[in-house]
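The values are calculated or read from the model by the stated rules, or taken from the named source; none is laboratory data. For clarity, every value in this text was computed on a predicted model and none was experimentally measured. In this analysis, Cβ positions are derived from the backbone assuming ideal geometry, glycine residues included, and neighbour counts consider all displayed protein chains.
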Amino acid sequence: MNRVTGRLLTAAAVAALAVGTLSACGSSAGSSSGGGKEASSMYTWISNENDRAQWQAFVDAAKKKDPGFDLTLEGPSFNDYWTKVKTRLSSSGAPCIITTQAARAQELKDLTVPLDDMVKSNNIDVSMYNKAMIDGLTVDGTLRGIPYDAEPVVLYYNKDLLAAAGVKEPTLNYTTTQFTSDLKALTKDGVTGLAVPPGFGAGPGLPLAFANGNEPVKDGKLDLTNQGLVRDQQFAFDLAAKEKVASAPQASDGSDVPEQQFMSGKAAMIIDGPWMYDTLTTKTQGKVGIAVIPSTSGQGIGMIQGSAFAIAASCKDKETAFKNIMKITTPEVVGAVGAARGTVPSVESAVKDWAGNKPAADVAVVEALLKSGRPLVTTPTWNQVETNFTQYSGDGFRGSKSAQEILSTIANSAK
């Protein structure tokens, strides 16, 4: 899973999911890898049983080659992970393996170790992994994680609602001008054109900016007020404030709010990740298709997000931890997880496993965005950027503040 904005769980639910062991009956922790239990333990996000099932899928796939393989898993919800991981790794008996993201690699750089020497000594060919993800996981010139997925953000649309409004289905070429026109045609009879969350990375502003080649970080520093990014974020705000084809979100809205709006047929389109593909295509009232993110030219650049396994700086047996990571990031394993859980594999040769029986048009969209894509690279203060944007974005979507004002305020507070 690769969530920019996670769902909120009750304290009881998080506690119930917080600690677990991924193992087969009769096997013991670290039985095949040695190095102590920490090297076979992983701290990650476990927001719900869906997350737990995903981690289990990695272990199950690795067991096919190494039946004794095992991982002990613990961790909080996705929302809490980015602060609690720092505390957990400073305590005794901390797991050696942690999860990170290309978008968070800078934020967690002091908690992780460079993997370059271990990659070389173990003869690992990192070129098999998605280049955008490797670039995003490279911090200060060193690789900080081995990616397991590479997820280009896409545009989901309700085919039935488009057909009823006489709107042609978008595919590999989609301009923002046509996008706006389509949203206007779709906004009627209690249906809005686009469902939007309050977050920054969750869109629609940032994915639209990426599609036009405008990014929030330049040379390792926040660049939130560059003209292109401001313009594209204003375009996103205006979809609600001026065009009235979207409803302004509340700061308290989790990602499930716009997703439910889309699935219930109350919104015709939504920008989201491929990790939601199975859910949105099977639980939406109406048939669902996907398209590239709109851009000025129509030939947009993909915004690739993804997650990875990293080694904690506190780990005493980094070599064993690395070997365990490599067991769950082989083409066979990431392909099996992609087929079972819907995550787009980080290895190009395994994307076919994710594709499976999906419509050829949908697969073509993801493949095109993977080829054009750039990683969402952030800074150590990105969590503050997201928090502040979520707090202020409602003003932008309601038209009471401009993108320039909001992004300038955030840039000044998150330096």
Review point. Is one or more of the residues making up the range 229-243 of a type in the set (Phe, Trp, Tyr), surrounded by fewer than 24 Cβ atoms within 10 Å (Cβ to Cβ) and more than 24 Å from Asp395 (Cβ to Cβ)?
Key: no
Review point. So, in the range 127-145, of the ones that are surrounded by fewer than 24 Cβ atoms within 10 Å (Cβ to Cβ) and touching a residue at least 40 places away in the same chain (Cβ under 8 Å), which residue ends up farthest from Val344 (Cα to Cα)?
Key: Asp135
Study note, to complete from the structure: Within the range 360-405, residues free of Cβ contacts under 8 Å to residues at least 60 places away in the same chain, of a type in the set (Val, Ile, Thr) and touching a Phe, Trp or Tyr at 6+ places or on another chain (Cβ under 9 Å) come out as Val363
Review point. Taking the range 91-122, which residues are of a type in the set (Gly, Ala, Ser), loosely packed, with under 14 Cβ neighbours inside 10 Å and either modelled with pLDDT under 95 or closer than 22 Å to Ala414 by Cα (or both)?
Key: Ser91, Ser92, Gly93
Review point. Looking only at residues in the range 332-353 that are touching a Gly at 6+ places or on another chain (Cβ under 7 Å), in contact (Cβ under 8 Å) with a residue 60 or more places away in the chain and of a type outside the set (A, V, I, L, M), which one is surrounded by the fewest Cβ atoms within 10 Å (Cβ to Cβ)?
Key: Ser346
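Return yes or no: is Tyr174 touching a residue at least 24 places away in the same chain (Cβ under 8 Å), touching a strand residue (DSSP E or B) at 6+ places or on another chain (Cβ under 9 Å) and more than 29 Å from Thr330 (Cα to Cα)?
Working: touching a residue at least 24 places away in the same chain (Cβ under 8 Å): yes; touching a strand residue (DSSP E or B) at 6+ places or on another chain (Cβ under 9 Å): yes; more than 29 Å from Thr330 (Cα to Cα): yes.
Yes: the conditions hold for Tyr174.
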Review point. Within the range 161-184, which residues are farther than 23 Å from Asn212 by Cβ and exposed (fewer than 15 other Cβ atoms within 10 Å of the Cβ)?
Key: Ala163, Gly166
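Every residue, every condition in (1) out of contact with any strand residue (DSSP E or B) (no Cβ under 9 Å at 6 or more places or on another chain); (2) modelled with pLDDT of 80 or more, yes or no:
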position: Leu17; (1), (2): yes, no
position: Ser47; (1), (2): yes, yes
position: Trp55; (1), (2): no, yes
position: Gly68; (1), (2): yes, yes
Point to revise | Residue identified as in a helix (DSSP H, G or I) and at negative phi among Thr387, Thr379, Thr343 | key: Thr387
**Study point:** Which numbered condition Thr10 misses (of (1) over 23 Å from Ala336 (Cα atoms); (2) among the β-branched types (Val, Ile, Thr); (3) modelled with pLDDT of 90 or more)
**Key:** (3)
Study note, to complete from the structure: Residues of the range 251-264 being in a loop (DSSP other than H, G, I, E, B) and not hydroxyl-bearing (Ser, Thr, Tyr), in sequence order, are Ala251, Asp253, Gly254
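Search the range 161-171 for residues being in a loop (DSSP other than H, G, I, E, B) and in contact with a Leu (Cβ under 9 Å, 6 or more places away or on another chain), and hand back the single one that is nearest to Met303 (Cα to Cα).
Among residues in the range 161-171 that are in a loop (DSSP other than H, G, I, E, B) and in contact with a Leu (Cβ under 9 Å, 6 or more places away or on another chain), the one nearest to Met303 (Cα to Cα) is Pro170.
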Revision key, fill the gap. Scanning the range 61-83 residue by residue, those in a helix (DSSP H, G or I) and either at positive phi or in contact (Cβ under 8 Å) with a residue 40 or more places away in the chain (or both) turn out to be Ala61, Ala62, Phe78, Asn79, Asp80, Trp82, Thr83
Check your understanding: Among Ala248, Ala240, which is part of a loop (DSSP other than H, G, I, E, B) and in contact with a Gly (Cβ under 9 Å, 6 or more places away or on another chain)?
Key -> Ala248
Review point. Would you say Asp189 is farther than 21 Å from Val230 by Cα, out of contact with any strand residue (DSSP E or B) (no Cβ under 8 Å at 6 or more places or on another chain), without any contact (Cβ under 8 Å) to a residue 40 or more places away in the chain and of a type in the set (Asp, Glu)?
Key: yes
**Study point:** Cross-chain or 6+ apart pairs with Cβ under 8 Å, the range 218-233 first and more than 16 Å from Leu208 (Cα to Cα), then assigned to a loop (DSSP other than H, G, I, E, B) and at pLDDT below 95
**Key:** Gly220/Gln106; Gly220/Thr379; Lys221/Thr379; Leu222/Thr379; Leu222/Thr381; Leu222/Ala414; Leu222/Lys415
Check your understanding: In the list Ala185, Ala209, Ala132, which residue meets the criterion of being of a type outside the set (Phe, Trp, Tyr), part of a helix (DSSP H, G or I) and touching a helix residue (DSSP H, G or I) at 6+ places or on another chain (Cβ under 6 Å)?
Key -> Ala209
